[in-house]
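Asker: Here's a structure for you.
The values are calculated or read from the model by the stated rules, or taken from the named source; none is laboratory data. The structure presented is a predicted model; accordingly, all values stated were derived computationally and were not measured. Here the Cβ positions follow ideal geometry from the backbone for every residue, glycine too, while neighbour counts run over all protein chains shown. Only protein heavy atoms, including side chains, enter the accessible area calculation; ligands, DNA and RNA are left aside. Shrake-Rupley method; radii C 1.70, N 1.55, O 1.52, S 1.80 Å.
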Amino acid sequence: QVQLVESGGGLVQAGGSLRLTCTASGLTFSSYGMGWFRQAPGKEREFVAAIAWRGGSDLYADSVKGRFTISRDNAKNTVYLQMSTLKPEDTAVYYCAAEVLGPGTRWADRYPYWGQGTQVTVSS
């Protein structure tokens, strides 16, 4: 059974940093493209960042480019989202998602596996 568990969310002031972690089990992690998405209250889920199963190919939403960095550690079955210079508009529940042999795409419907989410709140 595939499980994705996010952690690392919390409350931070604007301008601060957080690192989100998503740990996977029940799959061959190195064969999966991974994505991060977020959903703010009253808004649709939106793409944040993605990394290909082979690594070395990252994709970012324009709103986070230059502030967020996605990375993966296949030995730990983990994908990270380092978030810096956080803004109040980054407040949302953040989800990680997995797609077998995925190129790291922004399209949510490409990902069959999702975590339960972790809350990030940025105060002004």
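Asker: Tell me, in nm to one decimal, what length is gained between Lys87 and Lys65 on full extension, where the rule is 0.36 nm per residue of separation less the Cα-Cα distance?
Answerer: Net length gain for the segment: 6.6 nm.
Asker: Okay, moving on. What do you get for Rg/Rh of the range 34-89 when both radii come from the Cα atoms and Rh is the Kirkwood radius?
Answerer: Rounded to two decimals, Rg over Rh is 0.99.
Asker: Scan the range 20-116 for GluC sites (Glu not before Pro) in coil per DSSP, keeping those whose Cβ has at most 15 other Cβ atoms within 10 Å, and list them by number.
Answerer: Glu44
Asker: On to the next question. If you roll a 1.4 Å probe over the chain with all protein chains in place, what percent of the accessible area is carbon or sulfur?
Answerer: Answer for the chain is 47 percent, counting heavy atoms of protein chains only.
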